[in-house]
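The values are calculated or read from the model by the stated rules, or taken from the named source; none is laboratory data. Keep in mind it's a predicted model, so treat the numbers as computed, not measured. Every residue, glycine among them, receives a Cβ derived from its backbone with ideal geometry; neighbour counts consider all protein chains shown.
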Amino acid sequence: PNWWQFVALHLAAARIGAISNPLMPIFRERELLHMLGLAESKVLIIPNRLRNFDHSAMVAGIRDKLPALRHVLDIGGQSATSFEAFIARAWEEEIDMEALFASRRQGPNEVTEILYTSGTTGEPKGVMHIANTLFGNLVQFVKRLNLGEQDVTLMASPLAHQTGFIYGMLLPILVKGKLVLQDTWNPEDAARLIQDEGVTYTMAATPFLSDLSDLPTLKDFDTSSLRIFVCGGASIPAALARRAAERLGARIVSAWGMTENGAVTITRPNDLEDKVFGTDGFALPGLELQVVDADGKVCPHGTEGNLKVRGASNFVGYLKRPQLYGVNADGWFDTGDRAQMDADGYIRITGRSKDIIIRNGENIPVTEVEGLLYGHPSIHEVALIAIPDVRMGERACAFVSLKPDVKPLTLPDIVDFLSQHKMAKQYYPERLEIMPALPRTLSGKIQKFKLREIARQLKVDHAMTKRRTP
């Protein structure tokens, strides 16, 4: 979670040459077994309890399936293995600390961070970054926004996301600024923190910007210190960006990036409205962009194509998955996204060739959810499709057809099924559409583009289970 211990632990890990592997607190047994097992993690530090969930009990239940795991420390616990007891121990009396530090000093080209991301291949992939890829990007980000020691950062985005990790935690360390952490999102609390702490900069996904700018009590707080709000994770609706700029009095900055590259494109605080509200920015120094057609030829300005990135912040590989490393011999990384580029080099993300759904800045692993739902005894076929949502960016809708002679299926049935399989609840579909059959090509592939046409007209409301007729 967004606690001070997260920051201290990453710095401590880097100091002794260990690798930080941030994990979202929403993860449950299924996700943790895969991620900890793949990384062969030796030390796991968790909250004892968080938001009425017992993390210590959960980890105790799976620990025997993780042979590499040597130590589990819980923050807030009362046992001898608590984090508090661990740091209170007089280690300097037992170990030559200076010799230890000298022998384990981390080099700039050694892996320092593994962050899991989900894709169409199913299981989450461990994205590996070195200090040079992280800070090479961050230095240019800071320069473009003219951030410095005088700036106060508010970070409500999870530190276990690249947004929070780089542009929340590492940024104020780099510029010697102040960091204010918000663990649980509440727009009124955020407004109060901006007022009380003199916050000048923050970065978050669209729902955070929407909630804060539409806060009914916003006028009761002095948010005049807020200079820059960087919004990424999904394209900002122009109406929201204008409304937020007017009500907050801050410069709204658009950004686009990936776990694999960090922030790749970003607008400037003094850009004209058509750039801020109509694009996702242009490449940071040290990065190059290409929009290419199916044959790999560069597209004319304004033409949609596949977006590729090359440069200093490209990750160094996927943990134990070298065959998935989509960087060609010339250093170009295929993002899997579709985009257009204008004559000034500004891009606009137009879609994703991969089928990730981004809900509140969190990637939903579509293939994994679909794979589980295919195991439901009533489901014949399933496709998870994004429903556009003003606040969350996107929500997931499960389009299914049923097996013959089964009992009626409801959304709560699906939620219960995924819960039994220990999947994080943020990945659950929030609407269910039942069809006689899903549209398919002659080769048998589900035609998701037809389902997207239907999904564009849907919303998440009280009628969240609907049966469609031919």
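Tabulated data
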| read-out | value |
| --- | --- |
| Unique residue being among the β-branched types (V, I, T) and without any contact (Cβ under 8 Å) to a residue 40 or more places away in the chain when the list is V253, V298 | V298 |
| Test result for V292, of a type in the set (V, I, T), in contact with a Cys (Cβ under 9 Å, 6 or more places away or on another chain) and either in the same structural domain as T265 (by TED's automatic domain parsing) or closer than 24 Å to G126 by Cα (or both) | yes |
| Filter result for the condition that a residue is of a type in the set (V, I, T), under 22 Å from the mean Cα position of the chain (by Cα), closer than 18 Å to E31 by Cα and outside the structural domain of H55 (by TED's automatic domain parsing), over T367, T335 | T367 |
| In region 63-97, residue modelled with the lowest pLDDT [restricted to those that are among the small types (G, A, S) and at negative phi] | A80 |
| Subset of region 301-355 (residues that are among the small types (G, A, S), at pLDDT 90 or above and under 28 Å from L38 (Cβ atoms)) | G311, A312, S313, G317, G331 |
| Residue match in region 365-376 (condition: assigned to a strand (DSSP E or B) and either within 28 Å of V111 (Cβ to Cβ) or touching a residue at least 60 places away in the same chain (Cβ under 8 Å) (or both)) | no |
| So A18, is it farther than 22 Å from L159 by Cα, modelled with pLDDT of 90 or more and assigned to a loop (DSSP other than H, G, I, E, B) | no |
| Any hit, region 144-157, residues being in a loop (DSSP other than H, G, I, E, B), within 25 Å of A8 (Cα to Cα), of a type in the set (S, T, Y) and modelled with pLDDT under 95 | yes |
| Members of region 237-257 that are in a helix (DSSP H, G or I) and either in contact with a Gly (Cβ under 9 Å, 6 or more places away or on another chain) or surrounded by 19 or more Cβ atoms within 10 Å (Cβ to Cβ) (or both) | A238, L240, A241, A244, L248 |
| Residue count for region 33-87, restricted to those that are surrounded by 12 or more Cβ atoms within 10 Å (Cβ to Cβ), out of contact with any Leu (no Cβ under 8 Å at 6 or more places or on another chain) and within 24 Å of M128 (Cβ to Cβ) | 2 |
| Every residue from region 283-315 that is in a loop (DSSP other than H, G, I, E, B) and within 16 Å of T259 (Cα to Cα) | L284, A312, S313, N314, F315 |
| In region 357-385, the residues that are among the aliphatic types (A, V, I, L, M) and within 17 Å of S210 (Cβ to Cβ) | I358 |
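Residue-wise test of (1) of a type in the set (F, W, Y); (2) closer than 30 Å to E40 by Cβ; (3) in contact with a Pro (Cβ under 9 Å, 6 or more places away or on another chain).
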{"position": "V127", "(1), (2), (3)": "no, yes, no"}
{"position": "N146", "(1), (2), (3)": "no, no, yes"}
{"position": "V152", "(1), (2), (3)": "no, no, yes"}
{"position": "M155", "(1), (2), (3)": "no, yes, yes"}
